[in-house]
Amino acid sequence: MEEEKRCCPNCNRPFTGRSDKKFCSDSCRTMFNNRIKRACRTQHGELSRIDRILKKNHAIIERLYSRGERETTFTELFGMGFNFEYQTSMRENPDTASSYIIGCYDYTYVISRDGRVRLGKRSVIPL
Ligand SMILES: [Zn+2]
């Protein structure tokens, strides 16, 4: 193999070595790989966190909807631990030009300016 000069992706220092050698040293290779593993774990943790929030939101809406409630308030949902920051879909409300129908999996909700929240459920789309 040919000797080549290049930069170590971990410490950015130039080094020479066989062309298949990527890092200047074993410790740089280990550090670099550990950093990537850590970054992947962090990203995975963030996805799990958002999944948990969405599932909790879904459980809250389902609890209300299953006992026949079709209208609630922003404050009540917030008090139940609903997190308005995450949703699974959003589209313009054809009934009013100024609101959006927000989706949480198979449920939908529309928040009015006065804080009322109207709950809905998507009809099941046949396969
Ligand atoms: Zn290095």
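The values are calculated or read from the model by the stated rules, or taken from the named source; none is laboratory data. Everything numeric here is computed off the predicted structure, so don't read it as measured data. So basically every Cβ, Gly included, is an ideal-geometry build from the backbone, and we count neighbours across all protein chains shown.
Can you tell me which of 106, 95, 26, 51 is closer than 30 Å to residue 3 by Cβ and among the acidic types (Asp, Glu)?
On the way: 106 fails: closer than 30 Å to residue 3 by Cβ; 95 fails: closer than 30 Å to residue 3 by Cβ; 51 fails: closer than 30 Å to residue 3 by Cβ.
Step by step, each of 106, 95, 26, 51 is checked, and only 26 is closer than 30 Å to residue 3 by Cβ and among the acidic types (Asp, Glu).
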Find the residue count for the stretch 34-49, including only residues that are under 22 Å from residue 86 (Cβ atoms) and not small (Gly, Ala, Ser). 8
For the stretch 61-99, which residues satisfy the criterion of being within 16 Å of residue 116 (Cβ to Cβ), in a helix (DSSP H, G or I) and under 23 Å from the mean Cα position of the chain (by Cα)? 61, 74, 77, 78, 79
Residues (without any contact (Cβ under 8 Å) to a residue 24 or more places away in the chain and not polar (S, T, N, Q)) located in the stretch 85-105: 90, 91, 92, 94, 95, 97, 100, 101, 102, 103
Can you find even one residue in the stretch 72-86 that is more than 30 Å from residue 3 (Cα to Cα), loosely packed, with under 13 Cβ neighbours inside 10 Å and among the aliphatic types (A, V, I, L, M)? no
Looking only at the stretch 1-36, count every residue that is within 12 Å of the ligand (Cβ to nearest atom) and either outside any helix (DSSP H, G or I) or surrounded by 12 or more Cβ atoms within 10 Å (Cβ to Cβ) (or both) and tell me the total. 21
Is there a residue being at pLDDT 95 or above and either touching a strand residue (DSSP E or B) at 6+ places or on another chain (Cβ under 8 Å) or among the aromatic types (Phe, Trp, Tyr) (or both) anywhere in the stretch 29-46? yes
